[in-house]
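Participant: First the structure, then my questions, so here it is.
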Amino acid sequence: VVPQVALSIVLLSLAGLFVHHLSNLRNQDFGFQRTSLLLMTLDPSKSGYSRDQLFSPYQNLLGRLEGIPGVRSVTLSGVTPISGAGASRFIEVEGFEEAADTRRYVPLNWVGPQYFETFGTPLLAGRDFAFTDKGGPPVAIVNLAMARYYFGDRNPLGGRFQLVGPSNSGITGAPPDQVYTIIGVAGDAKYLDLREVPPRTIYLNAF
């Protein structure tokens, strides 16, 4: 009886710790909303369309989905939070000197207009992407962690950075050494792991 009671106490203690851990995860601020979201996967690889040819079909699809009663907003994104890694690149930021041994890959995500509104991630400064950005100068939105690290007390809006070298995942999605202008700053959001500190993140225009 004594060993059974001792084992029961250990199991109850472990169960209590597990429930406490789940409760902590549940009450965390993930930087995105976890309810009232419907995710769908689109694979255009067999459509026969090039990336530029997908602009009109995607824009039309988003408009039709947004017209459904009860739908608040619709967007597109390369990856969704906690769904897995996308591309990551080294970057060089104008006006910031970074030692080689402190340089880290920065995650990239390609998103459409209303991404931040749809996922409930606040847009803290600047503006969102727009369909009219297509064909214009390359622009980007960065999260707060990136803005603080690279710009400190300086205003990141209008700042420029350059993608350097290949992606660490083999997913490129952006020309080598492309220079982008920052048009917005978004709140921090978990990217790969619910327990991680939100990494410095760059959002590029999916269109």
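Participant: Using a probe radius of 1.4 Å on heavy atoms only, what accessible surface per residue do you get for the stretch 51-101? Whole Å² is fine.
Facilitator: Solvent-accessible surface per residue comes out at 61 Å².
Participant: If you plug each phi of the stretch 176-183 into the Karplus form 6.51 cos²θ - 1.76 cosθ + 1.60 with θ = phi - 60°, what whole-Hz ³J(HN,Hα) values come out, in order, with x for Gly and Pro?
Facilitator: x, 6, 5, 9, 10, 9, 7, 10
Participant: For ALA87, which sequence-distant residues (separation of 5 or more, or a different chain) have an amide H within less than 5 Å of its own amide H, given hydrogens modelled in the peptide plane?
Facilitator: LEU108
Participant: Within the accessible area of the stretch 93-142, what % is carbon and sulfur when the probe is 1.4 Å and the other protein chains stay in place?
Facilitator: After summing per-atom areas, the C and S share lands at 55 percent.
Participant: Follow-up. Using the Karplus curve 6.51 cos²θ - 1.76 cosθ + 1.60 with θ = phi - 60°, what ³J(HN,Hα) values do you get for each residue of the stretch 90-103, in whole Hz, with x for Gly and Pro?
Facilitator: The phi angles translate into 6, 9, 10, 9, 4, x, 10, 9, 10, 5, 4, 7, 9, 6 Hz.
Participant: Another one. Taking R0 as 22 Å, what FRET efficiency do you get between ILE68 and LEU39 from their Cβ-Cβ distance, rounded to the nearest 0.05?
Facilitator: On the way: r = 15 Å, r/R0 = 0.70.
The value I calculate is 0.90.
Participant: Calculate one ³J(HN,Hα) per residue across the stretch 134-147 by plugging θ = phi - 60° into the Karplus curve 6.51 cos²θ - 1.76 cosθ + 1.60, and present them in order as whole Hz with x for glycine and proline.
Facilitator: Along the stretch 134-147, the couplings run 4, x, x, x, x, 10, 8, 10, 10, 8, 5, 4, 5, 4 Hz.
Participant: In addition: If packing is taken as the average number of other Cβ atoms within 10 Å across a peptide's residues, how do 119-127, 107-115 rank, most packed first? Walk me through the numbers before you get to the answer.
Facilitator: On the way: 119-127: 16.3, 107-115: 22.2.
Top of the packing list down: 107-115, 119-127.
Participant: Just order 41-48, 129-136, 200-207 by mean Cβ neighbour count inside 10 Å, highest at the front, would you?
Facilitator: Going by the mean number of other Cβ atoms within 10 Å, highest first, we get 200-207, 129-136, 41-48.
Participant: Can you give me the C-alpha center-to-center distance between the stretch 119-168 and the stretch 38-63, rounded to a whole angstrom?
Facilitator: For the stretch 119-168 versus the stretch 38-63, the Cα centre distance is 24 Å.
The values are calculated or read from the model by the stated rules, or taken from the named source; none is laboratory data. These figures come from a predicted structure and were not determined experimentally. Because the Cβ atoms are built from the backbone with ideal geometry, glycine has one as well, and the counts that use them run over all protein chains shown. Note: areas computed on protein heavy atoms with side chains; ligands, DNA, RNA excluded. Shrake-Rupley method; radii C 1.70, N 1.55, O 1.52, S 1.80 Å.
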